[in-house]
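J.: Below are the structure tokens for one structure; questions will follow.
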Amino acid sequence: MKSPHLRHLSLLLLILLLILVSNPVQATSYDGNYAWILVDILDNEGKEDYSNILYDCTSSYERDNYTSSATFTNSEGKSGILRTQAVYSGVPDIIYPDEPVEISLKMTTLENTITALRLHDPNANVPDTLCTVCFQDWETLGEVAPDNLPGIYTTYLFNEMAQQYFEINCRDSPTSYDEILSHTLGEGQKGHKVALILKYEGAYNIMSTHYIYEWKKISPKTDTQIESKEVQESNKDDKEVPKLNNELDF
């Protein structure tokens with residue numbers, strides 16, 4: 001016959017087992033102690049304006065706000081123009097590995113007379129305008145390579161239709177876009193860096209803004225640590241940052 005002590009011990013073990021079964025420990029791969037922290041911003045204003053006997057191309061760069069204009073003139077002296085603009089917003093100061101990054105892209109045709117000219121002159125043409133947003137491995141590719149070596153180290157942000165490239169041309173494209181592009185970056189290793197690249201190609205030029213993030217230790221995430229987007233944008237405007245070499249070969 002069991003002693004009272006053994007019966008009490010058995011009862012305590014049973015109660016403990018019931019507590020564990022009814023309240024299982026939820027395992028997670030992310031403990032909230034690390035995140036991707038914005039550490040640098042690099043501006044790539046692209047090349048000088050371009051012109052020849054057929055084309056007259058100009059570009060304007062502001063951070064996250066790009067404009068280009070391409071004019072075609074045929075042998076009869078008749079001209080057509082395609083002028084476009086892209087504005088990005090929503091770049092965060094902190095990227096948490098378990099939350100999607102959401103970037104807004106508003107892409108607009110400011111002027112288009114080249115399409116009408118093409119009705120009379122099928123040779124009339126100007127360069128297309130193309131916008132993308134991607135993450136790239138900054139440790140591997142370095143400061144110049146992200147625009148030169150896309151591929152295995154590149155992860156594009158998509159809209160809800162899984163579209164990653166947004167183009168305006170003088171032929172058959174949409175005339176504007178209003179998109180939210182997103183991607184969940186995931187975890188890194190201590191000290192590792194990635195670049196969030198907002199890119200604009202148009203009028204024989206490539207312009208981009210490179211936001212460099214480093215995987216760093218932080219305090220556990222709380223609601224009070226998450227700044228509003230308005231505060232984040234005003235903080236970024238105050239930062240002094242270097243510019244990329246304008247003579248990059250694309």
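J.: With a sphere of radius 11 Å drawn around the Cβ of Tyr177, what net charge do the other residues whose Cβ falls strictly inside it have (Lys, Arg +1; Asp, Glu -1)?
T.: Around Tyr177, the charge tally is -2.
J.: With the crude spin-label approximation of a point 7 Å out along Cα→Cβ, what separation in nm comes out for Ile218 versus Glu167?
T.: It works out to 3.7 nm between the two label points.
J.: With the cut-off at 19 Å, tell me which of the pairs Lys47/Lys193; Lys106/Lys199; Lys106/Lys193; Lys47/Lys106; Lys47/Lys199 have Cα atoms farther apart than that.
T.: Going by Cα-Cα distance, Lys47/Lys193; Lys106/Lys193; Lys47/Lys106 fall outside the 19 Å limit.
J.: Now, a different point. Please give the net charge around Phe158, taking every other residue with its beta carbon less than 13 angstrom from that of Phe158, where Lys and Arg add +1 and Asp and Glu add -1.
T.: -3
J.: Name the GluC sites (Glu not before Pro) in the stretch 72-120 that are in a loop by DSSP and that have at most 10 other C-beta atoms within 10 Å, would you?
T.: Glu76
J.: Could you list the residues of the stretch 77-95 with an amide nitrogen less than 11 Å from a label point located 7 Å from the Cα of Glu111 in the Cα-to-C-beta direction?
T.: Backbone N within reach: 80-84.
Taken together, the values in this text are just the output of simple stated rules run on the coordinates, not laboratory data. Remember, predicted model here, so these are calculated numbers, not experimental data. When we count neighbours, we look across all protein chains shown, and the Cβ atoms used for this are built from the backbone with ideal geometry, even at glycine.
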